Each structure stands twice: as structure tokens, then as C-alpha cells.
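Down below is the structure, laid out as C-alpha cells.
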Amino acid sequence: MVNSKLKPIRTEKDYAAALVRIDALMDARPGSAEFDELDVLADLVELYESKHEPMGYPSSVAAIEFRMEQENLSPRDLIPFLGSRAKVSEVLSGKRAITMPMARALHEHLGIPADVLLSEPGVAPGDPLADMEWSRFPINAMVKRGWIPDKLNPASNAEEIIRDLIDRAGGPDVARAALYRKNDHVRVNAKMDPYALKAWCWQVLAKANGKLPRVSYRRGTVTMDFLRKVARESRSEDGPRQAKDLLAKHGIPLVIVQHLPKTYLDGAALRLGDDRPVIGLTLRYDRIDNFWFCLLHELAHVGRHLDNGQGNAFVDDLTLRRAEGGREDPRETQADDWAEDALIPEAAWEASAVKDHPTPMSVMNLANALHIHPAVVAGRVRYERRNYRLLSQFVGTGEVRRQFGMA
């Protein structure tokens, strides 16, 4: 929990006090309340510095060079603190900003005061690009999916390729908002590759930017009534396409982007630079029931959470619903509840014969009564009973990807 006494930095006295407090917190353990306070203070300091003249401290690079001279250190000796020979070179030349992890290491091992390391606008705590290991991005898989040009030796141009992707996604600020503000409660697989996840999310945003709906999005659009309206599109044979068109009429892009290896993703609710929400789906399970639940789940995140400032991004592996032994974010449960109720209201589910006697006839009766696709009803039955061989003739396997031009 962040210190409740934190306040905006408005004066030089506030600024000086914040730097003293940052210095005291530099050894805070990640995940602790003190570490969260350090993170917030660093942001406040950066904001203050962006609006005021430099306070007369030596530059961070000058401080590092001074300490290197005192200790007779070579640039190679900084690798353990800055991460690599290339990063050392870029920091000393002023081409790379000093990040919070770098500042902590330099403070702890070289004794450089934190107020010097964090006192200039060039320092970028939490900068999503500063500590990026470009070679870890799955460039070959991205080329294979047609996201980026198949140029000669793409792996050797990883930084250029990913920076271009980030620009198309909306720039570093949008990239940071999507994934880097302590979004610790996303429903993701423990084996998920964070670099593949970044690449997938940025591809979703880039694709959305490439073809935005003509109308703007209005906060508050996504309500339970809106979700039920979307759900009723499921009864059409081309319901997924109809849903995409309906969302576009309300300013919400629906983007289909194939998942990358080691992402284990079904969908995400993200936000563009203009505050417009974006729904991204992978269709890794090409079934009608899966499409509709995933779509409604991500829309529920928009209506219940993004529009109310309760998160910047949500990415979901829906196979982890009710996973035993996992820590479940209540926001995920809330999105599940809205999606289920929008597709099949709880009262209708309890009153229907399908709950206890899931016959083909009872499935069709409830689907007809609610004006939804029978796959939605069959999917609910299969999930409730944990029997995914049941009613398989209804779930529409292989019927969604083709609507979006995917093999």
C-alpha cells in the first residue's frame, strides 16, 4: 500500500524532501509498500522536473564518471550494474536514460547519491524501452505471421523492427500504459513469455490504429444492456462479423491477431493513445462459444474497469478461469460474471431445463428464448459440468476464423 501522506511536489522544498525520501527508499524490496512509494515518488519527481529548470545538480553521467575516476573503474566494471556492454556505452554517451533498476544498483554498489541519479529529466523510471532486450522478441514468429517485412536477417534488426511496431502502436507512452504500470493481476499463464506478450499487444494496437472506426468512443457506452445487445448478434451465421461492425459503430475496434508461441492468450482489453478502448482476440480456440464468451469478457473489462480508471490493460488466458491454487483478481471474476449474465441471464439459466437436463432439445429451447446461438448455451453447459465432450455438435468448431479471413 502506497504511503497515504504522499502529495504533489509543488515547491523546491517539496522537491528536496522527495529526493531525501527517495534516497532512504532505494533499498526497498520489490513488491513492498516502500517499493511502491519509491515508484510513485520517482514519477512525481520526474513530473516536477519536466515543469521546472534543473536544480543545479551534476548530471548523472558526470557523477558516474567522477566515481569511476575515484575508484579507478573501467566501463567494463559497470556491466553488472547497467546490464551489458552496449548499455554501459549508451548510458555514458547520454543515448540511454538511467532506469530505476540501474539507479538502485549504482546507488547500492558505487554509493552515488540517489538525488543525483534521479534529478534530471533524462532519467526515466519505468521507461518501457530503456531496459529492453531487443533480441528476446520473437522476431521470426512475427515475420512468419506477416506482422513485419521479411527483410534480410530480421533478428539483427530487432530493435529497429520493434521500435517501428511501438510507433505504429501509438508510441512509448501507449506501450507503457498497456503493460508497464504494475498490472500485476492479468490472467496469464505462468509460462507466458513477457516479450511475446508485449509484441502481441503492440501488434493489436498497431492494427487498430491502422483502421480506426470513423466515430469516437464515449465512456459509459459499455453497459450490461450493451453487452446483451452484442450477445444477440450471435444468432446470425455471420455473428462475429456483425459484432465487429456493431462495435465499430460505437468507436470500439475489434482486432483479431493470431497468438504468438508462449503467450497462451485468448484476448485483451487495451487502450489507444486517444483513450479509445480496443478489443484484441486470438481465436486460438476456433469455436463459436469461445468467441462469444471471450468477446463479452473483454468488453466487460471496458465497461467495468477501463472506463472507471480501474486498470490500463487486461490480458486473458481464459483456460485459467477458476484455476485451483491461483490468485484470482476480483476484476477478472467481475468480467466473468458480466459476460455470463449478458449471454445467459442467471434467472433464465436457473429456470431452464438445460441446467439439469442438457439435451439437444433443451439447448435449442433456451437459445431460441434468449435469441442467441445454441453454441453459447452448449458452451455454458460444458463449462459448468467440466465436460468438454458434451454437446460438441453445437459449439461451432472451425466456424469463426474463416469469417475473419484466417486459415
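The values are calculated or read from the model by the stated rules, or taken from the named source; none is laboratory data. What you see is a predicted model, and the numbers here were worked out from it, not measured in a lab. Positions of Cβ are backbone-derived with ideal geometry, glycine not excepted, and every protein chain shown enters the neighbour counts. Calculation scope for accessible area: heavy atoms of the full protein, side chains included, ligands and nucleic acids excluded. Shrake-Rupley method; radii C 1.70, N 1.55, O 1.52, S 1.80 Å.
Structure data summary
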| item | result |
| --- | --- |
| Separation of the Phe66 and Ala33 label points, Cα + 7 Å toward Cβ, nm | 3.6 nm |
| Cβ-derived FRET efficiency at R0 22 Å, Leu47 paired with Glu90, nearest 0.05 | 0.35 |
| Residue-averaged [θ]222 nm for the chain, counting only DSSP H segments that reach four residues, each worth -39500 (n - 2.57) | -14500 deg cm²/dmol |
| Segment Ala190-Asn157, length gained on full extension (0.36 nm per residue, minus Cα span) | 9.0 nm |
| Sequence ranges 368-374, 101-107, ranked by mean other-Cβ count within 10 angstrom, highest first | 101-107, 368-374 |
| Relative contact order [Cα under 8 Å, 6+ residues apart], the chain, whole percent | 13 percent |
| Ordering of 242-251, 85-94 by packing [mean C-beta count within 10 Å, highest first] | 242-251, 85-94 |
| Carbon and sulfur %, accessible surface of the chain computed with the full protein complex present, 1.4 Å | 49 percent |
| At least 18 Å along the helix axis (C-alpha) and Kyte average at least -0.5, DSSP helices within the chain | 12-25, 33-51, 194-210, 288-304 |
| Tyr48, Tyr285, ranked by accessible area, largest first (probe 1.4 Å) | Tyr285, Tyr48 |
| Solvent exposure, largest accessible area first (probe 1.4 Å, DNA, RNA and ligands not counted), of Met224, Met26 | Met224, Met26 |
| Over 31 Å between alpha carbons, listed pairs Lys7/Lys262; Lys144/Lys244; Lys7/Lys191; Lys87/Lys262; Lys87/Lys198 | Lys7/Lys262; Lys7/Lys191 |
| P(r), alpha carbons of the chain - 10 Å bins starting at zero, rounded % | 4, 20, 26, 22, 15, 9, 4, 1, 0 |
| Calculated diffusion of the stretch 224-354, Stokes-Einstein form, Kirkwood radius summed over Cα pairs, 37 °C and 0.692 mPa s, µm²/s | 216 µm²/s |
| By average C-beta atoms within 10 angstrom, highest first, the peptides 297-308, 390-401 | 297-308, 390-401 |
| Whole-number accessible area per residue in Å² for the chain, which is evaluated in the context of all protein chains at 1.4 Å | 49 Å² |
